[in-house]
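Q: Quick one: this structure, given as structure tokens, is what I'll be asking you about.
Computed from the coordinates by the stated procedures, all read-outs in this text should not be read as laboratory data. Since the structure is predicted, the reported quantities are computational estimates derived from the model, not experimental observations. Note that we place each Cβ from the backbone using ideal geometry, even for glycine, and neighbour counts take in every protein chain shown.
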Amino acid sequence: MISLPVGTASAAGEELLTPTGQEGSTPDTTLVQDELTKWNKNMDVWFMLMLVAFLMMFIRKFEWGIALAVLLVTVTSFLTYMAVQEFYFDRAWDQSLMLMGVICSITVVIAIGMFLGTVKMWQYLLVGAIFGPVFALVEFFMFTYLEGVVDPGGSILVHMCAAYFGMGVILAIREKRAFNEPMFTTTHSVTFVWLASMLLWMLWPSFVTALLPADQVTWGMITCYMAGIGSIITTYIICQLVQKKVNPLIYTYAMLAGPVAIGSPLLSVNQWGALIIGLIAGAFSALAFIYLQPWLCKKIGALDVMGVHNLHGVGGWIGALSAAIIVGSFTNVIAAVGVVVITLVAGGVTGAILRATRGTMADDQLFTDDSDFIKTEAPPVKALPREVIVAGDTVPADQR
């Protein structure tokens, strides 16, 4: 039976009670210790945000562009979210608010993966500025308007929000030319993706336990890693069964589906239940990359560039529904559907604004950063004829 460990909280929207009965912390945790713990997690989540950029850096001619887009959308989303929290909700700046600010930013960084390369670079500033208030609205809807939503690790708040905001944008932009982009990679660019995925997997417990009281952190770490182990296993099995080999751009993404899905049932499930959730999430995410992505993109007439929905949308739904089943509450389903509606509409409005302000974008401006950077790369070296190499002469005749 998948059950709630003794003493753990059942809902992120409720007061979190530790096994000692204290709200928010244990009697032996001082304010200084709590601040230091949250400071470290702040650093971890910022690091994870930058790693998401590397996770998307596989398009050979657009690596620098992805890095810059992530930075631009990060800063404006952080500023507008924090401004809304301070001036509208009257919240003071502290470690918890700083964590929510970077969580807002990492959410929109995930979302832009759906339309990277199809808008102009300056527009990422605009996307971030719009998204900050949208995220604050989603947060208010889930944890103030609704009661009893189970989402301590963000399956709904972060992953579904990102997936469906991004989907709203691509539905409005409808850049058909994206389907024709070959998205060539190099061993070097895909190595970045492997590194980012493995480091994100390792750091994920910091993300899902960022705002939990001290007594909840260990259990959150256990269930997060167990779910991650599950998705590593089934993603590999699905890749081998269906494609006979591992596609790195499927495996490195779908292996994170367990940590994505465990966000909602993080504290409501035991370790073996978490493993089962991870096994299911990894399998469904990998299958989504292989089968759902081409079908869905054809149906909606828009390309999900990085396959965001296959990881964050599918994983988010698995997390939301599994938590609803485990705790026996329909509230999570209402929250998930509500977030989909809010973010699709907000994303659609954002996409319409982007399309109206983008102007003309030539074919050679899509999925490339050549017009955004001063580049001083050496020209490619001309290959030497075989007979010259065999003769030991490494200087071409026209250069002697």
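Q: Listed highest first by mean packing, meaning other Cβ atoms within 10 Å per residue, what order do 106-112, 73-79, 44-50 come in?
A: 106-112, 73-79, 44-50
Q: Let me ask another. Report, in listed order, any pair from LYS176/LYS244; LYS61/LYS176; LYS41/LYS244; LYS120/LYS375; LYS61/LYS245; LYS61/LYS298 with a Cα-Cα distance greater than 28 Å.
A: LYS176/LYS244; LYS41/LYS244
Q: How many angstrom lie between the C-alpha centres of the range 133-160 and the range 55-89?
A: First find each Cα centre; the distance between them is then 20 Å.
Q: Where does each of HIS312, HIS188 land when they are ranked from fewest to most other beta-carbon atoms within 10 angstrom?
A: Ordered from fewest to most neighbouring Cβ atoms within 10 Å, HIS312, HIS188 come out as HIS188, HIS312.
Q: Please sort by residue number the trypsin sites (Lys or Arg not before Pro) in the range 235-299 whose DSSP state is loop and whose Cβ has at most 12 other Cβ atoms within 10 Å.
A: LYS244, LYS245
Q: Using 0.36 nm per residue, how much length does the chain from PHE140 to ILE222 gain when fully extended, once their Cα-Cα distance is taken away?
A: Computed gain between PHE140 and ILE222 is 26.7 nm.
Q: The range 332-379: which trypsin sites (Lys or Arg not before Pro) are DSSP loop and have at most 12 other beta-carbon atoms within 10 angstrom? Spell out each step's value before the answer.
A: Details: sites: ARG355, ARG358, LYS375; in loops: LYS375.
Passing sites in the range 332-379 are LYS375.
Q: Could you tell me the center-to-center distance, by alpha carbons, between the range 343-375 and the range 269-287 in angstrom?
A: 36 Å
Q: Where does each of SER285, SER197 land when they are ranked from fewest to most other beta-carbon atoms within 10 angstrom?
A: Working: SER285 33, SER197 20.
Going from sparsest to densest Cβ surroundings: SER197, SER285.
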